[in-house]
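Trainee: This is the structure, below, for whatever I ask next.
The values are calculated or read from the model by the stated rules, or taken from the named source; none is laboratory data. As the structure is a prediction and not an experimental result, all values here were calculated from the model. Heads up, the Cβs are rebuilt from the backbone with ideal geometry, glycines too, and the neighbour counts pull from every protein chain shown. Heads up: the accessible areas ignore ligands, DNA and RNA and are worked out on the full protein's heavy atoms, side chains in. Shrake-Rupley method; radii C 1.70, N 1.55, O 1.52, S 1.80 Å.
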Amino acid sequence: MKKILTIQDISCVGQCSLTVALPIISAMSIECCILPSAVLSTHTGGFTGFTFRDLTEDLPCISKHWKKENIAFDGIYTGYIGSTKQIEYIKNIIDAFKHKDQIVVVDPAMADHGKLYYGFDDAFVSEMKKLCGKADYIIPNITEACFLTDTPYFEEYDQAKIEELLVKLSTLGTKYVVLTGISFEDGLLGAAMYDSIKGEFKYYFNKRVPLLFHGTGDIFASSFFGAVINGLDMYEASKVAVDYTLLAIENTIEDAKEHWYGVHFEKALYYLTNKFK
Ligand code: PXL
């Protein structure tokens with residue numbers, strides 16, 4: 001059985017980061033170890049007055065103990081990171097636990113809809129670029145991709161513009177890039193992929209639900225990572241992630257108004273457990 005580490009925050013209420021990564025990765029028959037970057041009462045997207053316990057100085061202590069215990073991981077997946085200083089520590093953790101078959105996935109969870117999330121600044125973006133350089137796969141949305149490549153944010157695009165962005169992202173130092181939330185046609189939404197080793201672009205789309213939801217990036221990244229750890233290639237893993245995220249969204253359409261802060265990913269976990277028995 002594979003064993004991985006995921007580093008991201010615990011938002012106690014809000015169905016994002018560790019509260020979705022842990023069940024999703026576990027449902028894919030992978031042992032999921034966690035390193036919480038911070039504990040928040042809720043996520044920061046839409047709630048006000050949330051608490052934020054920064055765990056930055058815990059990170060090196062926790063990882064030092066794991067090293068002493070000879071604990072190793074088949075993969076590391078980072079999501080929402082609580083501070084710029086933390087990125088420095090996380091880069092050290094990736095180096096300390098590196099071995100030849102390890103897969104590193106960085107979801108630069110820091111922005112959406114043209115804006116950085118609450119609390120992030122240019123210094124954070126600069127450090128995030130360096131963390132992306134340590135990854136085998138990065139999974140930004142278009143906003144994050146623009147911040148990471150110093151490209152002005154855009155909403156209208158064609159295939160050439162997306163491919164230019166994918167290539168720019170790969171120059172951060174990662175082998176594979178998966179750009180999420182891409183749509184060239186009404187009613188379809190999916191991922192654009194770039195394999196910088198082969199110089200090859202790929203796309204996968206499924207139905208677009210014309211509503212906005214929170215936490216879907218984390219659901220995509222968690223299921224993508226689980227699929228890659230299970231041996232799927234970038235295209236097959238993106239397909240799993242797009243299809244699973246759509247199922248989770250479809251389960252939320254009925255009560256989207258009251259359930260604005262996340263999606264009902266739980267009712268779609270069967271899709272992953274059946275696929276990765
Ligand atoms: O879903 C990304 C995410 C994770 N963690 C926290 C967040 C967000 C997005 O807003 O606020 C704390």
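Trainee: Could you provide, to the nearest whole Å², the per residue accessible area of segment 125-277 with probe 1.4 Å?
Mentor: Accessible surface, normalised per residue, equals 45 Å².
Trainee: So what is the relative contact order of segment 190-277, in percent, for Cα pairs below 8 Å that sit 6 or more residues apart?
Mentor: Answer for segment 190-277 is 29 percent.
Trainee: In Å², and per residue, what accessible area does segment 31-80 have when probed at 1.4 Å with the other protein chains present?
Mentor: Averaged over the residues of segment 31-80, the accessible area is 51 Å².
Trainee: Under a point-charge model restricted to the Cβ atoms of Lys and Arg (+1) and Asp and Glu (-1), what is the dipole moment magnitude of the chain relative to its Cα centre, in debye to the nearest 20?
Mentor: Result for the chain is approximately 860 debye, rounded to the nearest 20.
Trainee: Taking only DSSP H segments of four or more residues, each worth -39500 (n - 2.57), what value at 222 nm results for the chain once the sum is divided by all its residues, to the nearest 500 deg cm²/dmol?
Mentor: Counting only the DSSP helices, I get -11500 deg cm²/dmol.
Trainee: Another one. Calculate the translational D of segment 55-177 in whole µm² s⁻¹ from Stokes-Einstein, where the hydrodynamic radius comes from the Kirkwood formula applied to all Cα pairs, the temperature is 4 °C and the viscosity 1.567 mPa s. Mind dumping the intermediate values first?
Mentor: On the way: Rh = 15.2 Å.
For these conditions, the coefficient is 85 µm²/s.
Trainee: Dipole size in debye (nearest 20) for segment 157-238 around its Cα centre, Lys and Arg Cβ +1, Asp and Glu Cβ -1?
Mentor: Roughly 120 debye, rounded to the nearest 20.
Trainee: Can you sort Cys32, Cys132 by solvent-accessible area, 1.4 Å probe, largest first? Don't jump to the answer; show the numbers that get you there.
Mentor: On the way: Cys32 25, Cys132 0 Å².
Ranked list, largest accessible area first: Cys32, Cys132.
Trainee: If you don't mind, another one. In the Gaussian network model of the chain, springs joining C-alpha atoms below 10 Å, which of Val178, Val167, Val20 carries the largest mean-square fluctuation?
Mentor: In the Gaussian network model the winner is Val167.
Trainee: Let me ask something else. Tell me which of Leu247, Asn230, Tyr271 sits at the most positive position along the dipole axis of the chain, charges placed on C-beta atoms (Lys, Arg +1; Asp, Glu -1).
Mentor: The one lying farthest along the dipole's positive direction is Asn230.
Trainee: Shifting gears a bit: Towards the positive end of the charge dipole of segment 126-232, with charges on Cβ (+1 Lys, Arg; -1 Asp, Glu), say which of Leu179, Thr216, Leu131 has the farthest Cα.
Mentor: Leu131
Trainee: Give me, ordered by chain and number, the residues 5 or more places off Thr6 or on other chains with an amide H under 5 Å from its own placed amide H.
Mentor: Cys33, Ile34, Leu35, Tyr77
Trainee: Taking amide H atoms as placed 1.01 Å from N in the peptide plane, list the residues 5 or more away in sequence, or in a different chain, whose amide H sits under 5 Å from that of His214.
Mentor: Under 5 Å from the amide H of His214 lie the amide H atoms of Gly262, each far enough along the sequence or on another chain.
Trainee: Could you work out the relative contact order of the chain? I mean the mean sequence separation of Cα pairs under 8 Å and 6+ apart, divided by the number of residues, in percent.
Mentor: Over the chain, the number comes to 18 percent.
Trainee: In percent, what relative contact order does segment 107-229 have, based on Cα pairs under 8 Å that are 6 or more apart in sequence?
Mentor: Once divided by the residue count of segment 107-229, the mean separation gives 21 percent.
Trainee: State the dimensionless ratio Rg/Rh of the chain (Rg: radius of gyration of Cα atoms; Rh: Kirkwood radius).
Mentor: 0.93
Trainee: How large a share of the accessible area of segment 88-205, in percent, is made up of carbon and sulfur atoms when the probe is 1.4 Å and the other protein chains stay in place?
Mentor: Whole-percent figure for carbon plus sulfur exposure: 48.
Trainee: Next question, about the same structure. Would you be so kind as to identify which of Leu59, Thr84, Met1 lies farthest towards the positive end of the dipole of the chain, taking Lys and Arg as +1 and Asp and Glu as -1 on Cβ and the Cα centre as origin?
Mentor: Met1
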